[in-house]
1. Please verify whether ARG419 is under 30 Å from GLY358 (Cβ atoms), assigned by TED's automatic domain parsing to the domain that holds VAL524 and among the charged types (D, E, K, R), treating the condition exactly as stated.
2. GLN132 - would you say it is touching a Leu at 6+ places or on another chain (Cβ under 8 Å), over 20 Å from HIS74 (Cβ atoms), touching a residue at least 40 places away in the same chain (Cβ under 8 Å) and surrounded by fewer than 20 Cβ atoms within 10 Å (Cβ to Cβ)?
3. Quickly run through segment 390-417 and pick out the residues that are in a strand (DSSP E or B) and more than 26 Å from the chain's Cα centre (by Cα).
4. What is the one condition in (1) under 27 Å from ARG480 (Cα atoms); (2) assigned to a strand (DSSP E or B) that ASP387 does not satisfy?
5. Go through (1) modelled with pLDDT under 90; (2) within 23 Å of ASP407 (Cα to Cα) and name the single condition ASN343 misses.
6. Looking at segment 433-450, can you tell me whether even one residue there is touching a Lys or Arg at 6+ places or on another chain (Cβ under 6 Å) and of a type in the set (Ser, Thr, Tyr)?
7. Name the strands (runs of 3 or more DSSP E) wholly within segment 313-372 that hold at least 3 residues that are within 30 Å of PRO83 (Cβ to Cβ) and of a type outside the set (A, V, I, L, M)?
8. Any idea which residue in segment 478-507 is surrounded by the fewest Cβ atoms within 10 Å (Cβ to Cβ), counting only those that are touching a residue at least 60 places away in the same chain (Cβ under 8 Å) and of a type in the set (Ser, Thr, Tyr)?
Amino acid sequence: MRTIRRYLWLALFVGLFASVLAGCFSFADDVTPPPGWKPTPVPPTPDLSRLYPTSPPDPAQGRIAYQQKCVECHGTQGRGDGPAAEQLPVLPANLVESETLIQAKPSDWFLIISNGKLDKFMPGFRASLDEQTRWDIIAYLYVLGTDDDKRQRGQALYEAHCQRCHGPQGQGDGPDAPAGLEPFSQAFFAQHSDADLATYLVNDHEPAFPELDGVDRLNVVRYARLLTFARMSPWMPTATPEPTATATEAVTEIPTEAPTEAVTEAPSAPGTTEATTTPADLGVVTTPAATSQTTPEATQAPSPTPQASPTPEGAITITGRIIHGAGGEVPPGLVVYLKGFDNFEEVVSLETTADDDGTFRFEGVEVAPHRVFLAYVEYQGVTYVSDVVTVMPPETGDVELNITIYDTTTDTDALRFDRLHVFVDFLGERIRVAELYVIVNEGDRTVVPKEEGEGVITYYLPEGATNLQFEPGQGELGKRFIEIPGGFVDTSAIPPGQYQLIFAYELPYPNQQAEIRHKVSLPVGSVLVLVPAEGVTVEGEGFQPGEVRDVQGMTIRIYMGPEIEAGGEVAFKVSGFPKETPQGRIEEPSTGLNLPQGKEFWLLIGLIVVGVGLIGGGLWMYFHPEDEEPEDTGAATKVMDSDEAASTAPSSDVDEEALPEGLRDDPDALLDAILALDELHREGKIPTEAYEKRRALYKAHLARLLARKHDTRQED
């Protein structure tokens, strides 16, 4: 079952890489270190405690930005039900649920909005939104998530227990205020969740409030937080005075492990007079607040709220055929397994026996929104999996899942490494090296080990390599991977097609230099080495410095290496250290890779690879993550594979005259038009033939615009 889950994740992830990257990378000019510059061995760690707004966040401005940047996925009410939500394999966060909002820290939210959340397919917005606007969005989310009852109860508790000292607006000017009582601090509230503040009231605040129960403590701290905003709701005039404690210089983000999107409930205006515009005019609907709450661990970012499985909405028939990829006979009696997943949790498990002609059929299969299905068979000891489909009832009709099988061989002559990507990250006295191999089987048979427990492909490591790591879900040493002197072997079968394997290790980095040298067991078409653009040099026979790219806030230089014969060596030297980030400043991204640990390390490596894929002439254009099959009667979605992506490459035959004038030079407008077409087709308002023709035209022209933009920047 682990194999099936890994396939499901990889299929969805690869299919969505291009759309994620549409907002995640840009080209950068070549930058060289200034004369006489000397790197510092260990870059300083930025002070995240300085991550707070320099002026009170304004939920009215946040609402405007939310509608421009967030509503497509998270919906007008923040429930994760925007028009683009159904296109994602992971549903966007529900931003009107109480518990996660109670646990979330605004500073963590700021990092998410700025940098994105890779494992949730959320892009970052630091390039398109200034810092204050990002804080404004956070204020709007708190306002949207505070209903009338919560606010009114919080206000009453504040007036009864807090106002005589802290004053009506939290300025520390109440009649009983002790000398030196400061206004509510933006820095303090930005660094603490509501759960933190509720605990603080009992354990650390003087006086303590033991008479308040957990719900009341949460209500009063929420009201106090609202007082730190420029206004308490988007439909109120500005009422909150400027606090005296503000940051002395701009602050923003660094890539970091932060919580997934937060959650909320929705408010009305406090006691001051409202403007003539009503919440309904602004699309704000109040919802009752949940009373449950949890206190997060002090050192851990909030966790995402688990999403319940969707309620089944009818049933469909899933059919398919087992096809022999080399044209051979399909053996009778193969057992076909069907799996269904909601949010990567298995909810459907069925099996049947294929007919003599290879066809199979599952009737009465329950479906729910965003439920993902795949089918698989086992043949000659190898598991073969169908494409992955996502269903969207009630529009979804019957689904077809075909499975291609192959005979096996132990001959590896058809295998080669199409590319080897090497990433170097700097960890002070050592470096972390990630190697990603693109493996191609050009034959018509699946390559398997000669004996059980033996390897199919051998991977070698440099001398002195330690801390070998594999991407979670790929496998581990002693199971899929077997350690041998100088490296390891991969025991997995390799069917015809293209695959990837990524692993990482560490090397000593004395005197800021190291040699990466090891054998390769198969021919390598090209080697790409990616390092920080400033302060680091790569040298080796056949290696040439290439372009500089900005990917996910990191400035990377790509060195192009030569072809290597089977049995040859990858060999190059790395020296230097990434340019130091100015002490204490967070707004300027580090020029080092500074890659995160854990799951996001592997996700970020994947994003970088896709960004770098532009080098070889293969333009990764923005794709809607679903592409309906012409034969489908419903809206079952098929995740795009690499062959389909290649078939939609830019064409010089696009008829610009067939495009509306407003779409000819505007990539963003084209993306909106594609989304609108998809919506119209789902609603049955345009014929399938016209939809497919128009969508193909828009996608092809979008590719041309991106290619043209690329060429222009290279000329500059």
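The values are calculated or read from the model by the stated rules, or taken from the named source; none is laboratory data. Because the structure is a prediction, the values reported are computed rather than measured. Virtual Cβ from ideal backbone geometry, glycine too; neighbours counted across all protein chains shown.
1. The answer is no for ARG419.
2. Against the criterion (touching a Leu at 6+ places or on another chain (Cβ under 8 Å), over 20 Å from HIS74 (Cβ atoms), touching a residue at least 40 places away in the same chain (Cβ under 8 Å) and surrounded by fewer than 20 Cβ atoms within 10 Å (Cβ to Cβ)), GLN132 does not qualify.
3. VAL399, GLU400, ILE403, THR404, ILE405, THR408, THR409, LEU415, ARG416, PHE417
4. Unmet condition: (2).
5. (2)
6. No, every residue in segment 433-450 fails to be touching a Lys or Arg at 6+ places or on another chain (Cβ under 6 Å) and of a type in the set (Ser, Thr, Tyr).
7. Here the list reads 335-342.
8. TYR499
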